[in-house]
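J.: Input: one structure, supplied below.
The values are calculated or read from the model by the stated rules, or taken from the named source; none is laboratory data. Source: prediction; values computed, not measured. Here Cβ is always computed from backbone atoms with ideal geometry, including for glycine, and neighbour counts include all displayed protein chains. We work out accessible area using only protein heavy atoms, side chains counted, and drop any ligands, DNA or RNA first. Shrake-Rupley method; radii C 1.70, N 1.55, O 1.52, S 1.80 Å.
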Amino acid sequence: VGRVVVYQRGRVWYLRYHEQGKRHQPRVGPNKQAARQLAAQVNAQLETGVPAATSYEPLSIAELQQRWLDHHEHVRRSSVATVNRYRTATAYLLRFVDEVQPLRHAGLLSPVHAEAFVRYLRGLRVSPNGHAHTPKRALRDKGLKFILEACRALYGFAARRRHLPPYTENPFTVIEISRIPDETAKPITLLDDSHQQQMLEQADAWFGPILVTLMLTGLRPGELTHLLVEDIDLQAQVLYIRNKPALGWKTKTRNERMIPLMPAHLTMLQRHLAGRTSGPLFLRQRFGPCDLPSLIHLTSGRLREELARRAVGVDLNDRTTQARIARTLWRDMGAIRPERLRVSFMRLTCAAGATGVTAPKSLRHAFATRLQDANVDPLIRNRLMGHAPANGGGLGMTATYTHCRPETVRRQ
């Protein structure tokens, strides 16, 4: 049929044709008429220069993973942290193929193999924080679902790039990941008013303004540690959460926002700054009024020049090295590390009797819940939290951080 040969082997019909110097021999099935029709379709595509429907480039799963990560790195420009999470998640699939189910190329992974992969994941024991000496435990359902979602996205990329046999279904779609229950989720413990009061009373002069800012703004810890003095507008009494790509930092969702400041909070921040007009809003504890970091007096423009000077000779596509250099710049500016925030926060929660609360993000949950208690408009709540509204104008991701108190349910 034109440039396509239809031939029979046993009881099965095959096609044979050449495309871009490569020979293809796809299997059709036992129906001769169906084979002739598909051959006519492929021939028309070859004559018009369109890639044939039956053509695909087989890749190993390791090669597929690398191309997918390169796509996120250089085309989608996903954050370095996101690319690392995808690499870690899909590495479990590579281990499964090496240890349990050897496959020559990615297109041979079937829904049966995908289900076996789920069983393999449920039998693993991992270190929660990645350290070798941490006591190991089974994967939580949330982590397992993230791994499967990453693998599903990996195979969606493979299908779009013609790395899977024609008419092959994404094996991870058949699993229906959204229907896997999350039965091992860690409970979210909200700090009540008495606990927060005790924490405020026991916080020192350094951590007190930080704690109040987390309570009254719902900031992510990474956003708080990357605030500059110029992000506060004293006249308008607002705090701006801005992306700072020239300084090597962006918000998690890339959404910038403005948060009004209460008068008492604004007064506390002015007293904390003590007339300082540049540098990070919150400095590391070791720095005092007479011992400031060397880069504290540089403006944003001068800081950008300093980062560009430090990054001379670094490949523009090497974002990992660029991120490391940017972290060093923020360190020299005196910025706090998010890990330090967590340690100080845990000390206060333990002193207040809330030993189960270990993450500063719990204050973000409490902030979203107070917005719910006060009947704040959903759009305003999304903007204050830095989330995009869901389709149809719902809370979207903000709903994950919002917890309905029993008294709020009763009142409503």
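J.: So, in the stretch 98-119, exactly how many residues are in contact with a Phe, Trp or Tyr (Cβ under 9 Å, 6 or more places away or on another chain), aliphatic (A, V, I, L, M) and in contact (Cβ under 8 Å) with a residue 24 or more places away in the chain?
T.: The total comes to 3.
J.: Return the residue satisfying two criteria in turn: it lies in the stretch 76-86 and is free of Cβ contacts under 8 Å to residues at least 60 places away in the same chain and touching a helix residue (DSSP H, G or I) at 6+ places or on another chain (Cβ under 6 Å), and of such residues it is least open to solvent (accessible area, probe 1.4 Å).
T.: Step by step, filter the stretch 76-86, then rank; the result is V83.
J.: Quickly run through the stretch 233-290 and pick out the residues that are of a type in the set (G, A, S), surrounded by 12 or more Cβ atoms within 10 Å (Cβ to Cβ) and closer than 29 Å to A388 by Cβ.
T.: A246, G248, listed by residue number.
J.: So the check is Cβ under 6 Å with 6+ separation or different chains; which pairs have a first residue in the stretch 309-334 that's closer than 22 Å to E73 by Cβ and a second one that's hydroxyl-bearing (S, T, Y) and modelled with pLDDT of 90 or more?
T.: Pairs found: V314/T321.
J.: State whether the residues of the stretch 155-170 include one that is part of a loop (DSSP other than H, G, I, E, B), touching a Lys or Arg at 6+ places or on another chain (Cβ under 7 Å), under 30 Å from A366 (Cα atoms) and in contact (Cβ under 8 Å) with a residue 12 or more places away in the chain.
T.: The answer is no; no qualifying residue exists.
J.: Give A62, A53, A35 a once-over and let me know the one that is open to solvent by less than 70 Å² (accessible area, probe 1.4 Å), out of contact with any strand residue (DSSP E or B) (no Cβ under 8 Å at 6 or more places or on another chain) and in a helix (DSSP H, G or I). Please lay out each step first, then the result.
T.: On the way: A53 fails: in a helix (DSSP H, G or I); A35 fails: out of contact with any strand residue (DSSP E or B) (no Cβ under 8 Å at 6 or more places or on another chain).
That would be A62, the only listed residue that is open to solvent by less than 70 Å² (accessible area, probe 1.4 Å), out of contact with any strand residue (DSSP E or B) (no Cβ under 8 Å at 6 or more places or on another chain) and in a helix (DSSP H, G or I).
J.: Tell me which residues, restricted to the stretch 87-122, are farther than 21 Å from S178 by Cβ, open to solvent by less than 30 Å² (accessible area, probe 1.4 Å) and among the hydrophobic types (A, V, I, L, M, F, W, C).
T.: Within the stretch 87-122, F96, V97, A106 meet the criteria.
J.: Considering only residues that are over 22 Å from F282 (Cβ atoms), part of a helix (DSSP H, G or I) and open to solvent by 10 Å² or more (accessible area, probe 1.4 Å), which ones fall in the stretch 351-371?
T.: R370, L371
J.: Which of (1) in contact with a strand residue (DSSP E or B) (Cβ under 6 Å, 6 or more places away or on another chain); (2) open to solvent by less than 70 Å² (accessible area, probe 1.4 Å); (3) modelled with pLDDT under 95; (4) not basic (K, R) does Q25 not meet, given it meets every other one?
T.: (2) is the only condition that Q25 fails.
J.: Take V50 and decide whether it is more than 30 Å from L139 (Cα to Cα) and at pLDDT 95 or above.
T.: No, not satisfied.
J.: Now for a different question. Just to be sure, is L379 of a type in the set (A, V, I, L, M, F, W, C), surrounded by fewer than 19 Cβ atoms within 10 Å (Cβ to Cβ) and either modelled with pLDDT under 90 or not in a helix (DSSP H, G or I) (or both)?
T.: So L379 passes the test.
J.: Right, next: Under the condition of being at pLDDT below 90 and not β-branched (V, I, T), which residue from the stretch 161-181 is surrounded by the fewest Cβ atoms within 10 Å (Cβ to Cβ)?
T.: The extreme case among them is Y167.
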